[in-house]
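Some notes on the structure that comes next.
The values are calculated or read from the model by the stated rules, or taken from the named source; none is laboratory data. Here the structure is a predicted model, which means the values were calculated and not measured. Quick reminder, even Gly has a Cβ in these numbers, built from the backbone with ideal geometry, and neighbours come from all protein chains shown.
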Amino acid sequence: MKTAVIGAGISGLTAAYLLKNKGHEVKIFEKLSSPGGNIITENSGGYLIEHGPNSTLETTPLINVLLNSLGIINKKIYASGEAKKRYILKNGKLHPLPMSPLGFLLTGLFSASAKLKLLKEPFIKSKSNEYETIAGFTRRRLGKEFLDYAINPFVAGVFAGNPEDLNVKSAFPKLYELEQKYGSLIKGQIRSAKERKKRNEESKQSAKMFSFNNGLFEIVSSLSSELGNRLLLNTEAVSVDKNDRKYIIKYKSKGSNADEVFDSVILSVPSKITGKFIKNIDPDLSEDLIKIYYPPVAVVFTGFKKDKISFNPDGFGFLVPEAENRKILGSLWSSVIFPERAPGDSHLFTNFIGGARQPELVNLNDDELTAVVLRDLKELTGIKDAPDFIKIVRWQAAIPQYSKNHYELTMKLDKFQVDNPGLYFCSNYYKGISVCDCIKNAFELTDKM
């Protein structure tokens with residue numbers, strides 16, 4: 001079978017590689033000069049920085065199946081033990097997120113009434129519908145305080161989003177499933193742990209975090225190498241037209257136009273581009289895809305000499321709830337998670353600004369962004385000295401938001417693929433935004449083809 005893959009992010013690369021191994025004749029079209037999508041690793045000034053995702057999780061054995069096949073599993077490095085500790089800002093102070101029942105009872109992060117509300121959670125009988133937001137879900141089962149100081153910062157850290165806008169069934173399917181199946185999050189956590197063990201899967205809470213010595217681009221580089229001349233860089237697919245049971249792709253390469261016929265096509269590009277490709281086939285679905293919101297995010301990397309830091313960065317980093325009225329969304333202590341990310345005498349902190357919470361901040365100039373970050377770092381951690389290293393990356397369209405109607409959209413996407421055999425979707429706006437989700441979805445899709 002002759003298959004085209006449009007888009008050489010992690011989803012497209014993985015799908016193309018798996019199909020190649022199944023004997024498909026594969027071509028992958030990428031308009032940029034480098035593959036990887038939002039996985040971009042850069043070495044700068046002795047620091048290793050990730051423009052996009054900082055790491056991924058071993059939530060499925062398929063991750064190691066892929067790494068074994070590529071011959072890079074021995075290059076994998078796990079996050080340090082310190083990275084298990086995470087902080088949440090409350091009343092201007094960083095509080096460790098409790099990781100045990102005793103820690104939860106003793107923490108100052110939540111009030112006594114909030115803790116009591118959690119203990120009542122197994123007795124709440126109501127259930128979610130497919131349109132409920134994660135904010136509504138949390139208020140109903142756990143209370144407003146947990147929404148403000150657990151879910152709100154978590155959603156900002158994962159989606160750069162607003163919990164009032166995200167669909168719980170699509171954005172947090174495990175939470176939705178726990179309530180539907182067990183009637184309680186607490187009961188479900190206990191019972192589902194046993195079921196995952198039988199399936200050899202890990203929850204995202206307990207799965208090991210990993211990257212590579214050379215950063216996440218190691219996966220992209222290995223996949224690209226295996227694909228060889230099947231990967232066409234600087235080659236932009238312009239349109240996809242249906243012709244009976246075949247698909248015609250028109251594309252631009254090296255200043256010239258061409259077209260080619262394929263038996264099947266996998267669209268592994270952002271939703272707005274996907275929408276344009278299918279406009280002539282399904283105008284309504286095209287419009288839905290184009291409307292998906294990707295908030296902008298600015299990533300400000302700061303490197304400090306260890307002897308200039310007065311506090312002890314002993315964890316993954318911290319997240320900032322919206323209720324704290326700060327400019328910064330949070331900070332990853334990248335060189336604590338992976339010590340190789342900074343010179344031995346320095347720390348690398350990866351700081352995030354903007355998102356759905358304050359998208360306008362991304363438009364600040366570099367000096368203004370730096371000043372915002374340093375002001376918050378000074379007030380929250382006590383850092384007073386200027387950093388030795390600064391690098392700023394802006395994503396004008398960062399992460400797709402799984403809005404209130406997202407589950408309905410996934411049903412439309414499923415139906416479209418049934419109605420149009422040979423035309424498939426494989427991208428992070430569909431069934432999960434993380435690197436591991438994208439890899440898992442590529443496996444599941446190619447197994448069906």
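The single condition from (1) surrounded by fewer than 18 Cβ atoms within 10 Å (Cβ to Cβ); (2) on the phi > 0 side of the Ramachandran plot that GLY143 fails is (1).
Scanning the range 411-426 for residues that are farther than 16 Å from SER264 by Cα and of a type in the set (S, T, N, Q) yields a total of 0.
Looking only at the range 336-351, decide whether some residue is among the basic types (Lys, Arg) and outside the structural domain of LEU413 (by TED's automatic domain parsing). Working first, answer last.
We begin by selecting, within the range 336-351, every residue among the basic types (Lys, Arg); these are 341.
Checking the rest, the ones that are also outside the structural domain of LEU413 (by TED's automatic domain parsing) come to 341.
Yes, that holds for at least one residue.
Inspect all residues belonging to the range 54-64 and state whether any of them is without any contact (Cβ under 8 Å) to a residue 24 or more places away in the chain, exposed (fewer than 15 other Cβ atoms within 10 Å of the Cβ) and in a helix (DSSP H, G or I). Step through it out loud before you land on a result.
Keep residues of the range 54-64 that are without any contact (Cβ under 8 Å) to a residue 24 or more places away in the chain, which gives 64.
The next check asks that each one be exposed (fewer than 15 other Cβ atoms within 10 Å of the Cβ); those that pass are 64.
Next, from what is left, pick out any that are in a helix (DSSP H, G or I): 64.
Yes, there is a match, as at least one residue in the range 54-64 is without any contact (Cβ under 8 Å) to a residue 24 or more places away in the chain, exposed (fewer than 15 other Cβ atoms within 10 Å of the Cβ) and in a helix (DSSP H, G or I).
The number of residues in the range 119-131 being in contact (Cβ under 8 Å) with a residue 40 or more places away in the chain and in a loop (DSSP other than H, G, I, E, B) comes to 6. Applying the set (1) within 18 Å of TYR430 (Cα to Cα); (2) in contact (Cβ under 8 Å) with a residue 24 or more places away in the chain to GLY183 leaves exactly one unmet item: (1).
Residues in the range 107-128 that are exposed (fewer than 15 other Cβ atoms within 10 Å of the Cβ) and closer than 19 Å to PHE318 by Cα: GLY108 alone.
Listed here are the residues, each with its yes/no results for (1) buried (at least 18 other Cβ atoms within 10 Å of the Cβ); (2) within 17 Å of the chain's Cα centre (by Cα).
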| position | (1), (2) |
| --- | --- |
| PHE352 | yes, yes |
| PRO387 | yes, no |
| PRO421 | no, no |
| GLY432 | yes, yes |
